[in-house]
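Presented below is the structure to which this report refers.
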Amino acid sequence: MSCVTKFFSALGTVVALVTLSGCWERPPIDSYQRGFRGTAMVELNNPRDVAKQVVANGVPDALPAVPDGGPPASTVYKNVQVLGGVSVGEFTRTMVSITNWVAPNEGCNYCHKAGEGFEADTLYTKVVARKMLQMTQAINVDNKAHVGATGVTCYTCHRGQHIPANIWFTPPPAKSASKMTGGDGLQNKASKEVALMSLPADGLTPFLSQSMDIRVAGTNALPMRGEARNTHTIKQAEWTYSLMVHMSESLGVNCTYCHNTQSFGNWNTSTPQRVTAWHGIRMARSLNNDYMEPLTPVFPDSRKGAGGDVAKVGCSTCHAGAYKPLFGAQMAKDFPALTNKTPAPEATAKPKKVAALK
């Protein structure tokens, strides 16, 4: 073998090793049994990744509680549509907390235009904030099957930012759909929502905005005829897998966190977390349809997606890589204004004059 051949053989080996090194994680890897022994129900975690997640999911200290009593906020301030029944002290404490969670640098002027009274709805951000307060209350009151007693606050999603980091938009239709090659199914788009896989890039719109059927697996071992036959296609299955991958990435867990891989569709052998996830899918869909999409005329174009739609909620919006948002920290219990639902006013209309923030 010539020196040149040996050189390129060695070079090829080095390149192959470097390439393959990106496909595995070095030990140690923690494992946790999540089901009956011998069923491969195990959860794998990289302790180094978990340590980073713990830091990223830190929780700020709550402001000191205020004394009970005091007049309702609606008797002191004008145009308090959501928190009017809260005492003025708790109302002020909640407003300061929301400012710290969402706009710590801009302060009150992020929602209230300088020089105007607090009652003015001039800025679109105030109109949106009102709707988000209603949404937070709805999550904590109407969706206990998913959030339990932990609940959520504005910080769960925003974490000090105007816009939550993990939101999603519906991609515009592919231009290739009108050409001879037909539609590409939004596949091979290197989308972070599906962990850069070749699955459809938009696995969220069909299930977290619309209500397409997620179940695609057959219930019989052999092909059936008539009403018992499985009419779902492989393409439909790929959309379901897109959603499942999104959920797995959002929570930082494997498939076995919810499913027994002997039969993904069997509820009797699934974990309790699958029931929680079932409610979570419906909660996300409800939040998008009842709270986010009605704000379409309120948001400026600069806050919308390429197709003109508003930002929407997904699993990662709250979870951000943790199996429980903020690893289960119970922030909501310190903010009674967010855990009691106030009767919502009529659907929010776009203000006559909206000043967009750059």
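The values are calculated or read from the model by the stated rules, or taken from the named source; none is laboratory data. On a predicted model such as this, the values are computed, not experimentally measured, just so you know. Every residue, glycine as well, gets a Cβ built from its backbone with ideal geometry; the counts of neighbours run over all protein chains shown.
Please find, within region 325-358, the residue that is surrounded by the fewest Cβ atoms within 10 Å (Cβ to Cβ) out of those that are of a type in the set (A, V, I, L, M, F, W, C) and at pLDDT 95 or above.
Kept after step one, since they are of a type in the set (A, V, I, L, M, F, W, C), are these residues of region 325-358: 326-327, 329, 331-332, 335, 337-338, 344, 347, 349, 354-357.
Next, from what is left, pick out any that are at pLDDT 95 or above: 326-327, 329, 331-332, 335, 337-338.
Numbers: Leu326: 21, Phe327: 14, Ala329: 17, Met331: 21, Ala332: 20, Phe335: 23, Ala337: 22, Leu338: 25.
Filtering first and then ranking leaves Phe327.
Inspect all residues belonging to region 219-229 and state whether any of them is closer than 25 Å to Gln53 by Cβ, of a type in the set (S, T, N, Q) and either out of contact with any strand residue (DSSP E or B) (no Cβ under 7 Å at 6 or more places or on another chain) or free of Cβ contacts under 8 Å to residues at least 40 places away in the same chain (or both).
No, region 219-229 has no match at all.
Tell me, please, whether a residue that is within 30 Å of Asp121 (Cα to Cα), acidic (Asp, Glu) and buried (at least 18 other Cβ atoms within 10 Å of the Cβ) can be found in region 292-310. I'd like the intermediate steps shown before the answer.
Filtering region 292-310 down to residues within 30 Å of Asp121 (Cα to Cα) leaves 292-310.
This time we only want the ones that are acidic (Asp, Glu), so: 293, 301, 309.
Filter again for buried (at least 18 other Cβ atoms within 10 Å of the Cβ), leaving 309.
Looking through region 292-310, at least one residue is within 30 Å of Asp121 (Cα to Cα), acidic (Asp, Glu) and buried (at least 18 other Cβ atoms within 10 Å of the Cβ).
Looking at (1) touching a residue at least 12 places away in the same chain (Cβ under 8 Å); (2) within 17 Å of the chain's Cα centre (by Cα); (3) within 17 Å of Lys341 (Cβ to Cβ), which is the one condition that is false for Asp142?
Evaluating Asp142 over (1) touching a residue at least 12 places away in the same chain (Cβ under 8 Å); (2) within 17 Å of the chain's Cα centre (by Cα); (3) within 17 Å of Lys341 (Cβ to Cβ) leaves (2) as the failure.
Against the conditions (1) among the polar types (S, T, N, Q); (2) surrounded by 18 or more Cβ atoms within 10 Å (Cβ to Cβ); (3) not in a loop (DSSP other than H, G, I, E, B), where does Ser74 fall short? Just the number, please.
With (1) among the polar types (S, T, N, Q); (2) surrounded by 18 or more Cβ atoms within 10 Å (Cβ to Cβ); (3) not in a loop (DSSP other than H, G, I, E, B) applied to Ser74, the lone miss is (2).
With the checklist (1) surrounded by 17 or more Cβ atoms within 10 Å (Cβ to Cβ); (2) of a type outside the set (Asp, Glu); (3) in a loop (DSSP other than H, G, I, E, B); (4) out of contact with any helix residue (DSSP H, G or I) (no Cβ under 6 Å at 6 or more places or on another chain) in hand, flag the one item Met95 doesn't pass.
(3)
Quick check: anything in region 312-324 crowded, with 21+ Cβ neighbours inside 10 Å, β-branched (Val, Ile, Thr) and assigned to a loop (DSSP other than H, G, I, E, B)?
Checked region 312-324: at least one residue is crowded, with 21+ Cβ neighbours inside 10 Å, β-branched (Val, Ile, Thr) and assigned to a loop (DSSP other than H, G, I, E, B).
Any idea how many residues of region 196-209 are without any contact (Cβ under 8 Å) to a residue 60 or more places away in the chain and on the phi < 0 side of the Ramachandran plot? So that I can check it myself, show each step before the final result.
First, pick out the residues of region 196-209 that are without any contact (Cβ under 8 Å) to a residue 60 or more places away in the chain: 196-203, 205-206.
Still in the running and on the phi < 0 side of the Ramachandran plot: 197-203, 205-206.
Selection size over region 196-209: 9.
Results for (1) surrounded by fewer than 18 Cβ atoms within 10 Å (Cβ to Cβ); (2) more than 28 Å from Ser74 (Cβ to Cβ); (3) among the aromatic types (Phe, Trp, Tyr), shown as yes or no for each residue.
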| site | (1), (2), (3) |
| --- | --- |
| His112 | no, no, no |
| Asp121 | no, no, no |
| Lys126 | no, no, no |
| Met132 | no, no, no |
| Thr136 | no, no, no |
| Arg159 | no, yes, no |
| His162 | yes, no, no |
| Ile167 | yes, yes, no |
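Of the conditions (1) outside any loop (DSSP other than H, G, I, E, B); (2) not assigned by TED's automatic domain parsing to the domain that holds Leu243, Gly151 clears all except one; give me its number.
Result: Gly151 fails condition (1) only.
Any residue in region 268-284 that is within 17 Å of Tyr32 (Cβ to Cβ) sitting within a Cβ distance under 6 Å of a residue that is exposed (fewer than 15 other Cβ atoms within 10 Å of the Cβ)? List the pairs, counting only those 6 or more apart or interchain.
From region 268-284, no pairs qualify.
Which one of these is at pLDDT below 95, of a type outside the set (Gly, Ala, Ser), part of a helix (DSSP H, G or I) and over 28 Å from Asp121 (Cβ atoms): Thr269, Thr256, Thr261? Steps first, answer last, please.
On the way: Thr269 fails: part of a helix (DSSP H, G or I); Thr261 fails: part of a helix (DSSP H, G or I).
Sole residue among the options that is at pLDDT below 95, of a type outside the set (Gly, Ala, Ser), part of a helix (DSSP H, G or I) and over 28 Å from Asp121 (Cβ atoms): Thr256.
Quick check, is Gly84 loosely packed, with under 15 Cβ neighbours inside 10 Å, touching a helix residue (DSSP H, G or I) at 6+ places or on another chain (Cβ under 9 Å), in the same structural domain as Asp61 (by TED's automatic domain parsing) and not aliphatic (A, V, I, L, M)?
Values: loosely packed, with under 15 Cβ neighbours inside 10 Å: no; touching a helix residue (DSSP H, G or I) at 6+ places or on another chain (Cβ under 9 Å): yes; in the same structural domain as Asp61 (by TED's automatic domain parsing): yes; not aliphatic (A, V, I, L, M): yes.
No, not satisfied.
It is to be established whether one or more residues within region 24-47 are assigned to a helix (DSSP H, G or I), modelled with pLDDT of 90 or more and either within 31 Å of the chain's Cα centre (by Cα) or among the aromatic types (Phe, Trp, Tyr) (or both). Step through it out loud before you land on a result.
Kept after step one, since they are assigned to a helix (DSSP H, G or I), are these residues of region 24-47: 47.
When the remaining residues are screened for being modelled with pLDDT of 90 or more, the result is 47.
Now drop any that are not either within 31 Å of the chain's Cα centre (by Cα) or among the aromatic types (Phe, Trp, Tyr) (or both), which leaves 47.
Within region 24-47 (the criterion being assigned to a helix (DSSP H, G or I), modelled with pLDDT of 90 or more and either within 31 Å of the chain's Cα centre (by Cα) or among the aromatic types (Phe, Trp, Tyr) (or both)), the answer is yes, since at least one residue qualifies.
Specify which of the listed residues (Ala145, Ala129, Ala114, Ala165) is part of a loop (DSSP other than H, G, I, E, B) and either over 13 Å from Cys318 (Cα atoms) or at pLDDT below 95 (or both). It would help to see each step written out before you state the result.
Values: Ala145 fails: part of a loop (DSSP other than H, G, I, E, B); Ala129 fails: part of a loop (DSSP other than H, G, I, E, B); Ala165 fails: either over 13 Å from Cys318 (Cα atoms) or at pLDDT below 95 (or both).
Result of the check over Ala145, Ala129, Ala114, Ala165: Ala114.
Tell me, yes or no, whether region 169-192 has at least one residue that is outside any loop (DSSP other than H, G, I, E, B), of a type in the set (Phe, Trp, Tyr) and within 25 Å of Glu293 (Cα to Cα). Break it down stepwise before answering.
Residues of region 169-192 outside any loop (DSSP other than H, G, I, E, B): 175-178, 192.
Now narrow it down to the ones that are of a type in the set (Phe, Trp, Tyr): none.
Scanning region 169-192 turns up no residue that is outside any loop (DSSP other than H, G, I, E, B), of a type in the set (Phe, Trp, Tyr) and within 25 Å of Glu293 (Cα to Cα).
Between residues in region 101-115 that are more than 21 Å from Phe335 (Cα to Cα) and residues that are hydroxyl-bearing (Ser, Thr, Tyr) and in a loop (DSSP other than H, G, I, E, B), which pairs lie under 7 Å by C-beta distance while being six or more apart or on different chains?
Sorted first by the residue in region 101-115, then by its partner, the pairs are Lys113/Thr122.
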